[in-house]
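The values are calculated or read from the model by the stated rules, or taken from the named source; none is laboratory data. Since this is a predicted model, take the numbers as computed values, not measurements. Reconstructed Cβ throughout: ideal geometry from the backbone, glycine too, with neighbour counts over all protein chains shown. Please note that ligands, DNA and RNA were not included when accessible areas were found on the heavy atoms of the full protein model with its side chains. Shrake-Rupley method; radii C 1.70, N 1.55, O 1.52, S 1.80 Å.
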Amino acid sequence: MFVPKLYVYTFLGEFVLLYPVYTLLFTDAGLSVAETSSLFVIWSVTGMVLEIPSGAWADAVSRRLLLCLGPLLAGAGFALWVLFPSYWAFALGFVLWGAEGALVSGAFEALAYEELERRGLQGRYALIMGRAHSVGIVAAASAIALATPVFAVGGYPAVGVASVVACLLCAGTALTLPERRPPVADPSVGSSVDSSVDSGGRYLAVLRAGVAEARTDRNVLEAIVLISVVTAIWGALEEYVPFLAAETGAPRTAVPLLVLAVWVGAAVGGLLAGPAQRLTERSFALVLALAALAMAAGALVPHPAGFALVAVSFGAFQMAGVVADARLQERVSGDQRATVTSVAGLGTNVVTLAVYTAYGAGSPFLSHGTTFALLVLPYVVIALWLARERVAPM
């Protein structure tokens, strides 16, 4: 029952009915576009600041504890939004939501990989995590579909209550996940940290070891760079897909269908991650390069038909991101798995912020299609880097 519980946790974590209407809530509360943008900055900065410290906390204390605490914080933030709709309540809610993302990031992957490893199923990690990502997409789509009728009946309080309930159920699911780990090793003395070591010392030992492994182990560092770039660029561009759809000349009523096509592509890509894990490095590089070309070509086509290529490319990038994560998990050698994974999470956040900045800077001068095409060029660079010499299986 372990794997189904992972899927349930992922579904509930994304089944938040406030997602499609929270910007409307901000507008109705009188916030300007600038104030709303500042909330997104608060959200991003919170996640970046807490990413690595929370990973070390997961390694030193309990991954399951953080997976439970994260949704509770997010639920509290959503409740604040609905009960006290004001700028400072929204800001605090985004701090709590950003903390949730940081707590779950790293802890989820570490718990999943080590439990699968304990059962001798680590080779299925990419397959299982790819399916989990697809489940998350289905959950988000379901939340959007249900948000309209629920909002029509009960307004913001109704979608707020539904969102908080989903968070509570997600936290409860976390408590049912198994966590069986040996005592954390103290790299400074080469032994396990037992009860005689204070929690602060254990935390610092894990933090130092995790950062050191991410920084000094070339194989781990390369995997971190790969997952940061591969995951961040398409994840950031996803936010701008509705603008790209509108630019194709499609009727406004057809824009949601084009966005849905992209989501379907990403969901299918997650399901293909298991078989893709067997690709050689050069084959993987070729997939990245072809996906980038497909994205650029589809984005530059001034017709809704181009979205077929965009959907295919998003699926390929989703698949590649899951495989990159699996590659990272295979290369981590110490007890500080969540910490190292959180370093990759921080890298992803930094690249995501860079993409947002570049998109905003170019928007007054470039079309959305041109911006999409330019911003996927780093995938070609990564593909060339991967294909430069090695042909070993990933």
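Considering segment 381-394, and only residues there that are assigned to a helix (DSSP H, G or I) and open to solvent by 50 Å² or more (accessible area, probe 1.4 Å), the residue that is modelled with the lowest pLDDT turns out to be W385. In the set (1) open to solvent by 10 Å² or more (accessible area, probe 1.4 Å); (2) farther than 23 Å from I128 by Cα, F372 fails one condition alone, (1). Count of segment 300-322 residues, restricted to those that are touching a residue at least 60 places away in the same chain (Cβ under 8 Å), open to solvent by 10 Å² or more (accessible area, probe 1.4 Å), farther than 30 Å from V340 by Cα and part of a helix (DSSP H, G or I), is 1.
The residue that is surrounded by the fewest Cβ atoms within 10 Å (Cβ to Cβ), counting only those in segment 82-109 that are touching a residue at least 24 places away in the same chain (Cβ under 8 Å), more than 30 Å from D325 (Cα to Cα) and among the small types (G, A, S), is S86. When R124, R131 are screened for being at pLDDT below 95, surrounded by fewer than 24 Cβ atoms within 10 Å (Cβ to Cβ) and out of contact with any Phe, Trp or Tyr (no Cβ under 9 Å at 6 or more places or on another chain), only R124 passes. Among the residues of this structure, A344 counts as one that is under 18 Å from the mean Cα position of the chain (by Cα), more than 30 Å from P251 (Cβ to Cβ) and open to solvent by less than 50 Å² (accessible area, probe 1.4 Å).
Looking at V264, V259, V241, V255, just one residue is in a helix (DSSP H, G or I), more than 16 Å from A344 (Cβ to Cβ), open to solvent by 60 Å² or more (accessible area, probe 1.4 Å) and β-branched (V, I, T), and that residue is V264.
Kindly indicate which of D325, D335 is in contact with a strand residue (DSSP E or B) (Cβ under 9 Å, 6 or more places away or on another chain) and either of a type outside the set (G, A, S) or outside any loop (DSSP other than H, G, I, E, B) (or both). The match here is D335.
Looking at L272, L309 in this structure, which one is farther than 30 Å from G249 by Cβ and modelled with pLDDT of 90 or more?
Only one candidate passes the filter, namely L272.
Among the residues of segment 240-262, the ones that are of a type outside the set (S, T, Y), in contact (Cβ under 8 Å) with a residue 24 or more places away in the chain and under 23 Å from L353 (Cβ atoms) come to 4 in all. From the list A209, A174, the lone residue that is modelled with pLDDT of 80 or more, over 30 Å from G93 (Cβ atoms) and within 27 Å of the chain's Cα centre (by Cα) is A209.
L290 meets the conditions (1) open to solvent by less than 30 Å² (accessible area, probe 1.4 Å); (2) over 30 Å from F40 (Cα atoms) in every case but one. The failed one is (1).
Conditions (1) touching a residue at least 60 places away in the same chain (Cβ under 8 Å); (2) more than 26 Å from E213 (Cβ to Cβ); (3) over 18 Å from the mean Cα position of the chain (by Cα), marked per residue:
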residue	(1), (2), (3)
T10	yes, yes, no
F15	yes, yes, no
F40	no, yes, no
L72	yes, yes, yes
L80	no, yes, yes
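Within segment 353-373, residues that are hydrophobic (A, V, I, L, M, F, W, C) have Cβ atoms under 7 Å from residues that are part of a helix (DSSP H, G or I) and open to solvent by 50 Å² or more (accessible area, probe 1.4 Å) in these pairs: A373/L300, counting only partners at least 6 apart in sequence or on another chain.
Helices (runs of 4 or more DSSP H) fully within segment 1-71 that include at least 1 residues being within 13 Å of A107 (Cβ to Cβ), open to solvent by less than 50 Å² (accessible area, probe 1.4 Å) and in contact with a helix residue (DSSP H, G or I) (Cβ under 6 Å, 6 or more places away or on another chain): 2-14, 33-60.
With respect to being open to solvent by 20 Å² or more (accessible area, probe 1.4 Å), under 26 Å from I52 (Cβ atoms) and assigned to a helix (DSSP H, G or I), V350 fits the description. Applying a threshold of 6 Å to beta carbon distances and a minimum spacing of six or more residues, or different chains, the list of pairs starting in segment 47-60 at a residue that is under 24 Å from R180 (Cβ atoms) and ending at one that is of a type in the set (K, R) reads A60/R202.
Among the residues of segment 25-35, those identified as free of Cβ contacts under 8 Å to residues at least 60 places away in the same chain and under 22 Å from G360 (Cβ atoms) are T27, L31, S32, V33, A34, E35.
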